[in-house]
Amino acid sequence: MKPITNFKSMKLSKIKLKLLFLLVLITTFTNAQELTLKQAYDVMLSKNGEAKASNFEVKAMEEEHKATKGLRLPTVSLSGTYLHLDEDIAVDLNNQRNMIGGLLSIPDPAAVLGDWNLTLQEKNLGFATADVAMPIFAGGKINAANKASEIKLDLSEIHHKIKEDELTINLINYFFKLKLAKEAVKLRQEVYDVILLHNNQANKFFENGLIAEVETLNAKVALSNANRELLAAKKDVDLATTAVQNLIGITTIEGFSSKFNEPTIVKPLKEFQDDMLNENQQLKTIEKNHELAEVGVKFENSDYFPKVGVMGKYVLWKDNLPLVDTKWFVGVGVEWELFNGFQREHKINASKYKIQQVEEFDKQARLNLTTYTEKLYNTMQKELEQYESLNADEIFAEKLKFMRTRAFEEGTGTSLEVVDATLKLSEIQLHKIKALFEYNVAYGELMVLTGKTATFLNQN
């Protein structure tokens, strides 16, 4: 009997383990559906079409850069030709033979001297060769081309980061708009519940003859308005949810938290402006374009110098080529363009103007970004002040709502006063979450543009 008991115990343990495993899977799945800003960001980078396309652009530029490096290496090629002529290539020297025979008093030159109709090349011929060529000196053109390719690769990576930043700013906007919409639904639901309770209470008071019918009508109108506002808020949630889903590339969002972090001014404006000038990707793009323009001058200057290269050829196979006896050869080639209609001079001047153009872009961009940083910072300050002011107003509005409700219950107040107090409180609370929304969107964009994306994501 004891072995049977052990067997049953083991069986029950296995069942418990299976149930525990199933519970873990369910919990894991549920947790996997929860969406934080950081999780949304990671999903977006992996699934968003624009982000993926931008990444492929970087990969394409990497391959082009590798191809440019090959300019320093030799090129090896195989070539072959087979020809069929309509007839052999021959030279008839029999007349000359006969003349010589006459001078030598030879009675029959053909019999003595033979046939002087010579075949130089048979009508069927072919050959195959292996060719090698390698540049030795190109006046700096190859170095410039490689440097330009490297800079273009850097630019593609910066453009990819800019695209990611653009998408991240959109994500922050959509993400917090969804938070706003969900918080608005909570507020609208609370208002609806309060007014519904008030409406029911007003109906009872009217039935007992404690209030006039007009009070019940006010409560009914307020309830209808509250329901309409609630339905509209739920539609806003649907739209905001769709926007987030489309951006990050998922079909459902579960377990989404609508809570906002309390706003604070994290550091002075000057520090944000310094970060903007040091870390902004647009400025890095301008910097790389400046380097590219400088390399362009070197590239055009290379045309003033000769081009030197080595070459070699090896005959792999030949057929009916009596005049070609050599198997291989090597040599050195030199090309030096002395005059090309002043094209070089004009191209160099054009490259120098591009440098000046980029420098002006840089000056203006720094000014614009400094101003834009101040704008975002001021928005943060304004919304912070608004939020703090609304906190004080909310305390007063809650007290007013309490007093109006008690006065109505005691018969010294009206239904309209209760509704007005309730709506006033909800309006203040709605303005509070709108201030939180505006603050976080401005703060998020500022952090992204100053290269602090990871910090902001981890804060939310």
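The values are calculated or read from the model by the stated rules, or taken from the named source; none is laboratory data. Quantities reported herein were computed from a predicted structural model and do not represent experimental measurements. Note: ideal-geometry Cβ built from the backbone for every residue, glycine included; neighbour counts use all protein chains shown.
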Query raised in the report: Which one is nearest to Leu210 (Cα to Cα), of the residues in the stretch 399-435 that are in a helix (DSSP H, G or I) and hydroxyl-bearing (Ser, Thr, Tyr)?
Result: Ser415
**Report entry** Index of the failed condition, Thr242 passing every other in (1) touching a residue at least 40 places away in the same chain (Cβ under 8 Å); (2) more than 30 Å from Phe205 (Cβ to Cβ)
**Finding:** (1)
Query - Lys401 being among the charged types (D, E, K, R), crowded, with 18+ Cβ neighbours inside 10 Å and at pLDDT 90 or above - result: yes
Report task. Out of Val214, Val185, report the one residue that is over 25 Å from the mean Cα position of the chain (by Cα), β-branched (Val, Ile, Thr), within 30 Å of Thr242 (Cα to Cα) and modelled with pLDDT of 85 or more. Result -> Val185
Report summary line: Checking Phe408, Phe396 in turn, the sole residue that is buried (at least 19 other Cβ atoms within 10 Å of the Cβ) and of a type in the set (Phe, Trp, Tyr) turns out to be Phe408
Requested in this report: Could you run through the stretch 122-158 and say how many residues are under 30 Å from the mean Cα position of the chain (by Cα), over 22 Å from Gly333 (Cβ atoms) and not polar (S, T, N, Q)?
Outcome: 10
Requested in this report: Being within 44 Å of the chain's Cα centre (by Cα) and among the acidic types (Asp, Glu) narrows it down to one of Glu374, Glu398, Glu409, so name that one.
Outcome: Glu374
Requested in this report: Run down Leu230, Leu197, Leu187, Leu217 and say which single residue is touching a Leu at 6+ places or on another chain (Cβ under 7 Å) and farther than 30 Å from Val330 by Cβ.
Outcome: Leu187
Report task. Output the number of the condition that Glu383 fails; it satisfies all remaining conditions of (1) touching a residue at least 60 places away in the same chain (Cβ under 8 Å); (2) surrounded by fewer than 16 Cβ atoms within 10 Å (Cβ to Cβ). Result -> (2)
Query - Matching residues in the stretch 283-321 - criterion: being over 37 Å from the mean Cα position of the chain (by Cα), modelled with pLDDT of 85 or more and aliphatic (A, V, I, L, M) - result: Val308, Val310, Met311
Query - Sole residue being surrounded by 15 or more Cβ atoms within 10 Å (Cβ to Cβ), of a type in the set (Gly, Ala, Ser) and assigned to a strand (DSSP E or B), chosen from Ala148, Ala128 - result: Ala128
Query raised in the report: Among (1) touching a Phe, Trp or Tyr at 6+ places or on another chain (Cβ under 9 Å); (2) loosely packed, with under 15 Cβ neighbours inside 10 Å, which single condition is Arg228 missing?
Result: (1)
Report task. May I ask you to list the residues in the stretch 239-295 that are under 18 Å from Thr371 (Cβ atoms), crowded, with 16+ Cβ neighbours inside 10 Å and not aliphatic (A, V, I, L, M)? Result -> Phe272, Gln273, Asp275, Asn280, Gln281, Gln282
